[in-house]
Amino acid sequence: MTAAAEGPYKGLVPYGEEDADYFFGRDGERRIITANLMAHRLTLLYGQSGVGKSSLLRAGVARDLGALAESNVEGAGSPGFAVVVAGAWRDDPLRMLADAVRRAAEPLLAEPDPGPPQGAALAEVLAHWSERLDADLLVVLDQFEEYFLYHGHEGTGPGSFPWQLAQAVNHPTLRARFLVSLREDALASLDAFKGLIPRLFENYLRVGHLDPRSAREAVVKPLATFSAEHPGRAVKAEPGLVDAVLAEIQGGKVALGDRGHGALRRDEAAAGEIEAPYLQLVMTRLWREEMRLKSGTLRLQTYRKLGGAARIVSTHLDEVMKGLSRADRETASRLFRYLVTPGGAKIAHTAETLAYYTRVPEARVTRTLKLLAGQRIRILRESDGAYQIFHDVMGPAVLGWRQRHAAARRERNLGIGGTGLMAAVVAGLVFFALRPAAARVERAHERLVAGLLEQDREVLADRRYVPADSGRALGDAGSGDTLPARFRAA
C-alpha cells in the first residue's frame, strides 16, 4: 500500500519504489550511492539500525535508476543497465537472487526468455541476463545482516552462496556491479568474505540520520504532494508544529526502548540529527488524529494533547496491544519469542513453523499473525508467506512488552494478595502434609523441564538461529583491503 493510500506518511513501514513520490530528505545520499554503484565493482553501505537504508535504496536509488533504464529503452532501444534489489534472505539465497534478477530483467526485454539452465551458478545467471539485455546489472543486496542470521553457519566452501557471490564479484568480464547494505553492528560479519574477495573494504559508505533540513523536507514535502494529488483533502501544517516535533526528536532523545518508555536517553544520533522511524511514527499518529477530528491542519495543539513525541513513541506498542483480547495477547507473546532474537533483531517465520515452535494450533497462530499484520495494528508484516516485525527499531520494544506480559501473567497465576495469598498458604500446608507425593511430582516436573529444554535446543538448531555479533569494540575509521579499524575486534 502506497503512502498516499492512507496519508502522506509511512509510520514504521519502509518506503518502496511505489512510494517514491512521497520520499524526501535524501537527495544528496541518493546521488552519492548511485554514483558509487555505477562506478565501482563492489560498494559496502552501512548505517545504524533504523537509519532508513532500505527506504533510501528502494524508493530513492532503485526508483531513480529504474526510471532512467526505462527511458533508455524508449530512446536507444537498450536499457544500458538493470537494477536488481534483493533482500529476502530467509530461504535459499542463490535461488532468491536468481529470481530477483529475472524479475528485474524480464520487463526490459522485447521478447520472453526462458532464462539460464536450472542449477546455473550465480555468475552464469548474471552473465545470461546481462547478455540478453546488452546491459550491466546493478545488484543491490539489501538487509544483508539477515543472510548471516539465517545462513551464517553454512560456511564459505565451493558452491556456497559466499563462494558464488565472490566468484561473481571477482569475475573480470562479468557486466555486473554490487552494493551490499547492512547494519553497522553487522559489519564485522563480513570478515567471512575477506579471504574470498580481495579489497573487500576498499569502497564503503555510511548512511547517517537525517539532518534538520532534510527532516523538515520529510515532513513538509509529503504534505504538499498529498495536497496536490488530493485537492479536496488538502492539508497543511502549522508553522510552529514542525519546529516542535524536530526539537523533541533530534539528538536521539526518544526511542522505542526495551522498557517501552520514551524518556530521554544517551545520544545514538548525534546532536541535531533526527531518526527517521520516530519522525514517521510521530507524524503518522498526528495525521490520523487530525483526520479523526476532520481537521485540514496538523496543529501544535493536537500534538501537545497527544503528549508530544516522547509519549507517542513510548506508548505505540502498548496502546496497540491493549486493543487485543487476552487470548490474542497470550498467543502474540508466544509468537514474539521466535520473531525477535534475544539481541532484538527481527527474524521471519511462516505460520506453520511458528505453530510448531509455540505448540499453538496453526489456525489460532494464523489468526493472530494476520491480526498483528493488519492495517490497524501493523506490528508485523507478511512477505511470501513469512511474518516478521515491521521494523528493526521495534525489536527491543517487543522484547520489553513480552517481559511485562509474562510478569503480569505470573502475578495473575500466583494470585498474590487477598484470597490469592490465603490460597497459597493453604496450598503450602497441603504440600507439607503430602510431602512424599509432592516429591514425586517435583521429580516428574524436573524431567518435564529437562525435556522441554532439549526441545528448545532442537528448535534453535532447526531455525538456524545465530546470535548477532554486537560485542565488537569500535575504534577509528579506516579504509583499504581490511575491515576498518573501528569495526575490528579489540
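The values are calculated or read from the model by the stated rules, or taken from the named source; none is laboratory data. Owing to the predicted nature of the structure, the values given are computational and were not obtained by experimental measurement. Positions of Cβ are backbone-derived with ideal geometry, glycine not excepted, and every protein chain shown enters the neighbour counts. These accessible areas exclude ligands, DNA and RNA; they are computed on the full protein's heavy atoms, side chains included. Shrake-Rupley method; radii C 1.70, N 1.55, O 1.52, S 1.80 Å.
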Got at least one residue in the stretch 33-40 being open to solvent by 20 Å² or more (accessible area, probe 1.4 Å), touching a strand residue (DSSP E or B) at 6+ places or on another chain (Cβ under 6 Å) and closer than 19 Å to GLU145 by Cα? no
Scanning the stretch 46-82 for residues that are part of a helix (DSSP H, G or I), within 26 Å of TYR278 (Cα to Cα) and either of a type in the set (A, V, I, L, M) or modelled with pLDDT under 85 (or both) gives LEU56, LEU57, ALA59, VAL61, ALA62
Do the conditions hold for VAL85, that is, is it closer than 30 Å to LEU279 by Cβ, in contact (Cβ under 8 Å) with a residue 24 or more places away in the chain and in contact with a strand residue (DSSP E or B) (Cβ under 7 Å, 6 or more places away or on another chain)? yes
Among the residues of the stretch 329-351, is any at pLDDT 90 or above and over 25 Å from ARG90 (Cβ atoms)?
yes
TODO: Determine, yes or no, whether ALA244 is open to solvent by less than 10 Å² (accessible area, probe 1.4 Å), farther than 18 Å from GLY296 by Cβ and outside any loop (DSSP other than H, G, I, E, B).
DONE: no
Just to be sure before I move on: is GLU290 acidic (Asp, Glu), surrounded by fewer than 20 Cβ atoms within 10 Å (Cβ to Cβ) and at pLDDT 90 or above in the structure I sent? yes
The number of residues in the stretch 349-403 that are open to solvent by less than 10 Å² (accessible area, probe 1.4 Å) and not β-branched (Val, Ile, Thr) is 9
Q: State whether the residues of the stretch 383-395 include one that is modelled with pLDDT of 90 or more and farther than 20 Å from ALA88 by Cα.
A: no
* Asked: Is one or more of the residues making up the stretch 309-330 assigned to a loop (DSSP other than H, G, I, E, B), open to solvent by 10 Å² or more (accessible area, probe 1.4 Å) and over 23 Å from GLU6 (Cα atoms)?
  -> yes
Of (1) open to solvent by 40 Å² or more (accessible area, probe 1.4 Å); (2) in contact with a Gly (Cβ under 7 Å, 6 or more places away or on another chain); (3) not in a helix (DSSP H, G or I), THR173 fails just (2)
Within the stretch 188-217, the residues that are among the aliphatic types (A, V, I, L, M) and touching a Pro at 6+ places or on another chain (Cβ under 8 Å) are ALA192, LEU196
Looking across the stretch 181-204 at residues that are of a type in the set (Gly, Ala, Ser) and not in a loop (DSSP other than H, G, I, E, B), the single one that is surrounded by the fewest Cβ atoms within 10 Å (Cβ to Cβ) is ALA192
Counting only residues in the stretch 88-111 that are out of contact with any strand residue (DSSP E or B) (no Cβ under 8 Å at 6 or more places or on another chain) and in a loop (DSSP other than H, G, I, E, B), the one surrounded by the fewest Cβ atoms within 10 Å (Cβ to Cβ) is identified as GLU111
Review point. Being more than 21 Å from ALA228 (Cβ to Cβ) and in contact with a Phe, Trp or Tyr (Cβ under 7 Å, 6 or more places away or on another chain), is that true of even one residue in the stretch 14-35?
Key: no
- Task: Might you check whether a residue that is out of contact with any Phe, Trp or Tyr (no Cβ under 9 Å at 6 or more places or on another chain) and on the phi > 0 side of the Ramachandran plot occurs anywhere in the stretch 171-193?
- Result: no
Residues of the stretch 112-129 being free of Cβ contacts under 8 Å to residues at least 24 places away in the same chain and part of a loop (DSSP other than H, G, I, E, B), in sequence order, are PRO112, ASP113, PRO114, GLY115, PRO116, PRO117, GLN118, GLY119, ALA120
Taking the stretch 52-72 and keeping residues open to solvent by less than 50 Å² (accessible area, probe 1.4 Å), out of contact with any Ser or Thr (no Cβ under 8 Å at 6 or more places or on another chain) and over 30 Å from LEU149 (Cβ atoms) leaves ALA69
Within the stretch 205-240, the residues that are open to solvent by 30 Å² or more (accessible area, probe 1.4 Å), in a loop (DSSP other than H, G, I, E, B) and aliphatic (A, V, I, L, M) are ALA234
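Okay, residues lined up against (1) more than 20 Å from the chain's Cα centre (by Cα); (2) at negative phi; (3) of a type in the set (Lys, Arg):
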| site | (1), (2), (3) |
| --- | --- |
| ASP27 | yes, yes, no |
| ARG31 | yes, yes, yes |
| ALA39 | yes, yes, no |
| GLN48 | no, yes, no |
| GLY52 | no, no, no |
| SER55 | no, yes, no |
| ARG58 | no, yes, yes |
| ARG63 | no, yes, yes |
| GLY66 | yes, yes, no |
